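Colleague: There's a structure below that I have some questions on.
The values are calculated or read from the model by the stated rules, or taken from the named source; none is laboratory data. What you are looking at is a predicted structure, and each value in this text was computed from that prediction instead of being measured. Here the Cβ positions follow ideal geometry from the backbone for every residue, glycine too, while neighbour counts run over all protein chains shown. Heavy atoms of the whole protein, side chains included, go into the accessibility calculation; ligands, DNA and RNA do not. Shrake-Rupley method; radii C 1.70, N 1.55, O 1.52, S 1.80 Å.
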Amino acid sequence: MPHNFPLQELCGQMDRGEIDREEFVQRCTQHVAREIGCSRAGIWIFVETAEGRVLRCLGMYDAIRGRSAQVSDESGPQVSAYFDALARHGHVLAVDARSHPATAGFFEQKLLASDVHSLMAASFGINGKLFGAYTCTQVGEPMTWSLRQLAALKEIGARSSLALSGATTAQLLQTMPAHL
């Protein structure tokens, strides 16, 4: 079970306006990486654009380098397979992210370039709609994700997404979330 006090304090700071969304996301992703024990942790949201559904990274923490990382938007038909898996199951557990049906085409080139082997994602919703996912990746070698890790990621996501939803829509992403 994750240590809830640091997360509760972080969410309280966001709720009270003591920190902004950027700092919240940065500290939340650090918390996820530490609690889950993964190489990288991120918060992603789905955005509808004129060209289709896009996956946008609000923040990514690289525990190996000890710093936040910039990640570009993902778009194209491969996003649909990932979105559908999250909508259907609420999570993705990919020990081999390069061959998993929900992640293979989506991450094909990026996984190889960044040596990502495994990915775990837990979806979160706002107002009853799938909005995004909290993700963990493992670089260098595969990781068999445990149900305990998945439960912890879901718990972190459920609590921290409430703090994120407290931010105004314009502050959160300036576009509308994807709809099921």
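Colleague: Using a 1.4 angstrom probe, figure out how much accessible area the chain has per residue, in square angstrom, rounded to the nearest whole.
Modeller: That works out to 49 Å² for each residue.
Colleague: For the chain, can you list the cysteines whose C-beta has no other cysteine C-beta under 4.7 Å from it?
Modeller: Cys with no partner Cβ under 4.7 Å: C11, C28, C57.
Colleague: Something else about it: Counting Lys and Arg as +1 and Asp and Glu as -1, what is the net charge of the other residues whose Cβ lies under 12 Å from the Cβ of I36?
Modeller: Net charge around I36: +2.
Colleague: Give me, ordered by chain and number, the residues 5 or more places off I126 or on other chains with an amide H under 5 Å from its own placed amide H.
Modeller: Residues meeting the criterion, in which the H sits 1.01 Å from N, are F131.
Colleague: Calculated from the structure, Cα extents along the principal axes in Å equals which of (i) 43, 37, 27; (ii) 46, 35, 34; (iii) 40, 35, 32?
Modeller: Checked against the structure: label (i).
Colleague: Here is a follow-up. From the phi of every residue in the range 40-52, what ³J(HN,Hα) in whole Hz does the Karplus formula 6.51 cos²θ - 1.76 cosθ + 1.60 yield, where θ is phi - 60° and glycine or proline is x?
Modeller: So the Karplus estimates, Gly and Pro as x, are 9, 9, x, 10, 10, 10, 9, 10, 8, 10, 4, 8, x Hz.
Colleague: I need the calculated FRET efficiency for the pair E51 and Q8, taking r as the beta carbon distance and R₀ as 30 Å, to the nearest 0.05.
Modeller: E(calc), rounded to 0.05, equals 0.15.
Colleague: What distance in nm separates the simple spin-label points at D84 and R34, each placed 7 Å from Cα in the Cβ direction?
Modeller: 3.9 nm
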